[in-house]
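The values are calculated or read from the model by the stated rules, or taken from the named source; none is laboratory data. Quick caveat, the model's predicted, so the values are computed rather than measured. When we count neighbours, we look across all protein chains shown, and the Cβ atoms used for this are built from the backbone with ideal geometry, even at glycine.
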Amino acid sequence: MQTFGEHQFPGKLFIVEGIDGSGKSTQLSLLQQWLRREGYMVFFSEWNSSPLVKETTSRGKKKQMLTPTTFSLIHATDLADRIERHIIPPLKAGAIVLADRYIYTAFARDGARGVSPQWVRELYRFAVKPTIPFYFRVPLEVSLKRILGARAGLKHYEAGMDINLSDDIEESFRLFQGMIKDRYEAMVEEFGLTVIDATRSIEEQQDEVRALVERELQDVPKHPVRILDFEED
Amino acid sequence: MESRANRHTFEFYGQGMPDVDLSELQGRLIVIEGPDGVGRSTQVSMLKPWLESSGHAVLDTGMTRSALAGKGIKQAKAGITLGPISLTLFYSTDFADRLENEMIPALRAGFIVLTDRYIYSLIARAIVRGMDPAWIKSVYGLALKPDAIFYLRANVPDLIPRVLTRPTGFDYWESGMDIHLGEDHFDSFVEYQTRMVNVFDSMIDEYGFETIDATQSPDTIYKALQRRIGRLLRQMG
């Protein structure tokens with residue numbers, strides 16, 4: 001069984017974390033474009049994207065059937081499916097895998113919902129350890145301004161309405177995001193997250209991210225060609 | 001030490017789950033475990049009316065899938081599209097949904113929850129599929145410790161005739177065909193169920209199973225279960 005240890009695959013895994021509105025997805029997308037242009041094989045894995053599990057997650061969210069425990073488990077199931085299907089095989093093939101959100105999102109959200117931090121860390125022991133876990137640090141007020149200014153309609157679970165922080169969805173979102181940010185901050189040391197100051201310009205952040213990633217790519221082949229021999233059955 | 005007769009309180013195996021106040025749980029949780037074809041559901045179907053006629057409200061559960069994850073698991077199994085870790089966790093989601101939405105509310109209402117299988121079958125399936133035993137046991141640290149776990153035990157040669165009395169015969173999953181243990185359903189069934197029984201046996205002391213020899217007649221097994229459950233319930237007062 002694949003556990004939380006360092007992987008021995010030829011590929012690399014870079015993941016981005018941060019509260020909503022930290023700009024992490026923009027940064028990951030810019031990183032992806034650069035890596036492709038440099039000639040690397042890149043595979044992009046989204047959070048909550050396993051088609052099979054997604055249907056169950058959507059049903060649970062729509063009908064508000066999820067408790068903190070089942071919310072945690074269904075997301076773990078989804079990440080397990082992504083790891084078994086979309087992360088380990090490309091890593092074995094020598095690709096660079098990029099993931100927008102990873103286990104730290106679960107640790108932050110589930111912990112904020114009252115799930116035991118120890119249990120949820122053990123739950124995710126199957127996960128592959130990232131080459132670099134980036135954490136985009138931004139003050140809560142900055143991220144809230146970005147999110148609440150740009151978006152109509154917050155969703156029930158996204159706003160943490162399930163844990164009764166406030167009857168007002170926007171207020172609940174603020175409180176919930178604050179709780180999640182506190183958990184991220186505590187994880188910086190626990191997991192050695194690489195902190196990026198997300199109040200700087202997009203270009204400055206991207207330069208720093210590229211420099212850090214580039215250091216890890218010495219052994220990663222560009223335009224890798226693998227001849228696979230397989231038998232027809 | 002206060003005796004359970006006076007003051008019955010549930011415990012979790014491990015970290016448990018948030019939003020459950022254990023002091024509110026009044027009922028009793030009784031588990032019937034054992035491999036496929038051992039006769040668990042026959043016993044549950046006899047025990048339920050007996051308990052009800054004795055004045056206990058009973059929730060029998062375990063055969064159906066949860067409202068949340070049941071459909072997804074069915075689809076996954078139909079297409080055999082999930083890897084072993086994902087399938088293991090999908091089962092745990094399904095279990096947690098049933099625990100929180102069926103079993104715990106029934107216990108809160110003072111019911112006797114009689115469940116056909118519990119976490120032990122799920123743990124055994126995971127271990128047989130190569131999962132780390134410490135990992136899967138810690139995942140199921142969310143579960144309540146039952147008041148009694150009756151392990152209906154039989155060796156594989158005794159299971160075969162029972163499985164063949166059912167129209168489905170050797171089922172794909174009960175034969176562990178997903179993990180390629182044998183040439184056909186029969187070879188695979190023997191190997192898979194042998195491994196399952198070994199894992200169940202290894203859990204007897206760890207989890208405090210009360211083992212019942214399931215090669216006896218259904219009526220003898222039923223009487224043994226009645227005797228033990230009767231003793232448990234007399235302490236309820």
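Residue A:126 falls short on exactly one of the conditions (1) within 14 Å of the chain's Cα centre (by Cα); (2) within 10 Å of chain B (Cβ to nearest Cβ), and that condition is (1). Taking the condition of a type outside the set (Lys, Arg), closer than 18 Å to residue B:217 by Cα, surrounded by 21 or more Cβ atoms within 10 Å (Cβ to Cβ) and in contact (Cβ under 8 Å) with a residue 24 or more places away in the chain, does residue B:150 pass? Yes; evaluated as a whole, the condition is true for this residue. Just one of the listed residues (B:107, B:82, B:99, B:89) is within 8 Å of chain A (Cβ to nearest Cβ) and within 24 Å of residue A:64 (Cβ to Cβ), namely B:89. Contact map, the range B:39-53: residues that are in contact (Cβ under 8 Å) with a residue 60 or more places away in the chain paired with residues that are of a type in the set (Ser, Thr, Tyr), Cβ distance under 6 Å, separation 6+ or inter-chain. Pairs shown: B:46/B:222.
Residue A:120 fulfils the conditions (1) in a loop (DSSP other than H, G, I, E, B); (2) more than 7 Å from chain B (Cβ to nearest Cβ) except for a single criterion, (1). With a requirement of 2 or more residues that are modelled with pLDDT of 95 or more, the helices (runs of 4 or more DSSP H) lying completely within the range B:99-197 that satisfy it span B:104-108, B:119-128, B:133-139. Residue A:188 meets each of the listed conditions (1) in contact (Cβ under 8 Å) with a residue 24 or more places away in the chain; (2) over 19 Å from the mean Cα position of the chain (by Cα) apart from (2). Only one entry of B:100, B:174 meets the criterion of being in contact with a helix residue (DSSP H, G or I) (Cβ under 7 Å, 6 or more places away or on another chain), surrounded by 18 or more Cβ atoms within 10 Å (Cβ to Cβ) and over 30 Å from residue B:22 (Cβ atoms), and that entry is B:174. Could you please tell me which pairs satisfy a Cβ distance under 7 Å, a separation of 6+ or placement on different chains, a first residue in the range B:209-234 that is surrounded by fewer than 17 Cβ atoms within 10 Å (Cβ to Cβ) and part of a helix (DSSP H, G or I), and a second residue that is at pLDDT 95 or above and small (Gly, Ala, Ser)? These pairs meet every condition: B:228/B:148; B:232/B:148.
Hey, does the range B:20-29 have a residue that's of a type outside the set (Asp, Glu), within 14 Å of chain A (Cβ to nearest Cβ), in a loop (DSSP other than H, G, I, E, B) and crowded, with 16+ Cβ neighbours inside 10 Å?
Quick first cut of the range B:20-29, residues of a type outside the set (Asp, Glu) only: B:20, B:22-23, B:25-29.
Retained after the next criterion (residues that are within 14 Å of chain A (Cβ to nearest Cβ)): B:20.
Adding the requirement that they be in a loop (DSSP other than H, G, I, E, B) leaves B:20.
The next check asks that each one be crowded, with 16+ Cβ neighbours inside 10 Å; those that pass are B:20.
Within the range B:20-29, one or more residues are of a type outside the set (Asp, Glu), within 14 Å of chain A (Cβ to nearest Cβ), in a loop (DSSP other than H, G, I, E, B) and crowded, with 16+ Cβ neighbours inside 10 Å.
When residue A:141 is tested against the conditions (1) in contact (Cβ under 8 Å) with a residue 60 or more places away in the chain; (2) more than 14 Å from chain B (Cβ to nearest Cβ), the lone failure is (1). Only a single criterion out of (1) within 25 Å of residue A:29 (Cβ to Cβ); (2) modelled with pLDDT of 95 or more; (3) surrounded by fewer than 18 Cβ atoms within 10 Å (Cβ to Cβ) is not satisfied by residue A:117, namely (1).
Residues that are at pLDDT below 85, in a loop (DSSP other than H, G, I, E, B), surrounded by fewer than 21 Cβ atoms within 10 Å (Cβ to Cβ) and small (Gly, Ala, Ser) within the range A:27-73 comprise just one, A:49.
Restricting attention to the range B:113-136, the residues being within 21 Å of residue B:17 (Cα to Cα) and more than 14 Å from the chain's Cα centre (by Cα) number 4. Residues in the range A:146-175 that are over 23 Å from residue A:106 (Cβ atoms) and acidic (Asp, Glu): A:167, A:168, A:170, A:171.
Listed here are the residues, each with its yes/no results for (1) in a helix (DSSP H, G or I); (2) surrounded by fewer than 13 Cβ atoms within 10 Å (Cβ to Cβ); (3) within 14 Å of chain B (Cβ to nearest Cβ).
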position: A:155; (1), (2), (3): no, yes, no
position: A:177; (1), (2), (3): yes, no, no
position: A:182; (1), (2), (3): yes, no, no
position: A:207; (1), (2), (3): yes, yes, no
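Set side by side, the residues A:99, A:76 differ, and just one is closer than 27 Å to residue A:26 by Cα, modelled with pLDDT of 90 or more and within 14 Å of chain B (Cβ to nearest Cβ), which is A:76. Answer with yes or no whether residue A:85 is under 27 Å from residue A:44 (Cβ atoms), charged (D, E, K, R) and facing chain B (nearest Cβ under 10 Å). It is true that residue A:85 is under 27 Å from residue A:44 (Cβ atoms), charged (D, E, K, R) and facing chain B (nearest Cβ under 10 Å). The single condition among (1) crowded, with 19+ Cβ neighbours inside 10 Å; (2) without any contact (Cβ under 8 Å) to a residue 40 or more places away in the chain; (3) facing chain B (nearest Cβ under 10 Å) that residue A:106 does not satisfy is (3).
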